[in-house]
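Below is one structure, written out as structure tokens; the observations come after it.
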């Protein structure tokens, strides 16, 4: 398995040569390349990939790339200097030009295949060949893996051009979706929700692509115009980009005996997963079946905690298939995502997502993905007796573990020592009837008000006297629990660290990417600053702009309240 070198120096990495020296390709060195792949990485057309864990592929550089932004927060965590972000060679690589690389970095990146399942149902028709062998990273190309500040990271270009998995598409990402992903990843990190991270964002000054989108003032569910969009590349970073869908693909091949190496390749991938994502948590001295049992326990804990955190901050993944589920247990793939403003348990920003991927259904989607994880790895435990029984027991306990995490989360949001189902059920009904703003409501509650006037800041509807009395009764009931036997100031402080003040509001993000399309990145940088401190009381100017209800004109606006996955 891969070795774990330490960073070369504890000082900041300031030069391109110092950065490149940190390269260490555990995936390419320890897993199998596609035996049918070209040696030069010029593998940019749709084709079936029958075996191997990755396809070596070169990204397609942005013509006339222009720097937009980088994450200062993440650069600091990685031990990279701010000046490196503006380094010419560094910029060439992360705008897709690997000709700038020097050893030990490589002039070829890699894309991976994975399977698709939706709520536990396997799909192959998304693949142009009808076999599932053409489904995978269609426009995501990893270009760097290494150890920075003592931790292994993989850096992946989103919008880096076509791969064998592109299914006939152009492999590009538009500036709109790239701005959203760049900002959203760092926002989620600031919310203390496990996530992939943002490194850099570049746009082409000359290349555009045409995508369907919404005309101004449209309230249609589907896009009604075609728009030319600047193409962009955002670099996302994670310990690995291993997905449930990858395990699923290799598990499926092993079950079907697709080729003579199928079971071996599944085991190699599982070993690599443990090495990349769970090395510090799983005792390498355990027999491999026992390691798989521990893996299942740890992934279940991470996944249930992650989804509870999504509910805590109002996040809806929108399309939580197995291929969008990181086996490291963090948020991955900011495509059709959104944050709940007007509270609705069935909130779903993506017009193609349906109720099954809506806000409060995310725990069920997570269980379906965990089921595919369990199904994929079971062939490795056949004949293992007790370990297989324990593995199955972890699967059967998922729903209970998920419920436990959610109850802990609701108790924390309400400042309670333990979850109280009747109190919560009444609150849920009142929130729905009053159409509260999810973030503003819980933030105002965090100040532990003694009357409902403060909570009404979050109401989108005028309430009746009867509803006001019901709110007063609930508030008094809740306060009697919160204010008894504890330090109210301390409870309020904890609640404010659980309930953010600032959230993602699409109607405030849209102007940022619209201005960026005109070459003005000021709003992108402003949002980056505000969203980096979501729990803090910021300036009055920031509060007046970002801590308010959604204006009426955006309530059913296409591209704002709902949008397609056109990116």
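Annotation: the residues 357, 90, sorted from fewest to most other C-beta atoms within 10 Å of their own C-beta, follow the order 90, 357.
Here the ratio of the Cα radius of gyration of the chain to 2.2 N^0.38 Å is 0.98. In the calculated pair distance distribution of region 133-176, what percentage of Cα-Cα distances lie above 16 Å? Every Cα pair in region 133-176 considered, those over 16 Å come to 46 percent. Set the Cα radius of gyration of region 321-418 against 2.2 N^0.38 Å, with N its number of residues, and you get 1.30.
Report summary: the helix-based calculation at 222 nm, which adds -39500 (n - 2.57) for every DSSP H run with n ≥ 4 and divides by the residues of the chain, gives -11500 deg cm²/dmol.
Spread over its residues, the convex hull of the C-alpha atoms of region 443-567 is 144 Å³ per residue.
Distance between Cα centroids, region 514-567 to region 287-325: provide it in whole Å. A separation of 29 Å, based on Cα centres. Shown is the FRET efficiency for residue 11 and residue 466, computed with R0 = 56 Å from the Cβ-Cβ distance and rounded to the nearest 0.05: 0.25.
Exposure proxy shown here: for 480, 196, 51, the number of other Cβ atoms within 10 Å sets the order, fewest to most, as 480, 51, 196. Reported to the nearest whole Å, the Cα centre-to-centre distance from region 366-405 to region 217-234 is 41. From the P(r) of region 16-242, could you give the percentage of C-alpha pairs in the tail past 21 Å? Counting pairs separated by more than 21 Å, the tail of P(r) holds 57 percent. Inter-part distance, region 432-462 to region 25-44, computed on C-alpha centroids, equals 54 Å.
A Förster distance of 25 Å, applied to the separation of the beta-carbon atoms of residue 281 and residue 411, puts the FRET efficiency at 0.45. Against the longest principal axis of the chain, how steep is helix 421-434, in degrees 0 to 90 to the nearest 10, with axes from Cα atoms? The answer is roughly 80 degrees. With neighbour counts taken as other beta-carbon atoms within 10 Å, the residues 259, 53 rank, fewest first, as 259, 53.
For the chain, the longest principal axis of the C-alpha atoms and the axis of helix 288-313 are separated by about 40°. Averaging 1/r over each pair of different alpha-carbon atoms in region 248-409 and inverting the result gives 16.6 Å, the Kirkwood hydrodynamic radius. Between residue 192 and residue 126, the modelled label-to-label distance comes to 3.3 nm, taking each label 7 Å out from Cα in the direction of the beta carbon. Gain on full extension, evaluated as 0.36 nm per residue between residue 433 and residue 355 minus their Cα-Cα distance, stands at 26.1 nm.
Model label sites at residue 257 and residue 554, defined 7 Å from Cα along the beta-carbon direction, differ in position by 5.8 nm. Counting only alpha carbon atoms, the long axis of helix 244-256 and the longest principal axis of the chain meet at about 50°.
Values quoted throughout were computed directly from the atomic coordinates according to the rules given, and no laboratory measurement underlies them. Just so it is clear, the structure is predicted and the values come from calculations on it, not from any experiment. Note that we place each Cβ from the backbone using ideal geometry, even for glycine, and neighbour counts take in every protein chain shown.
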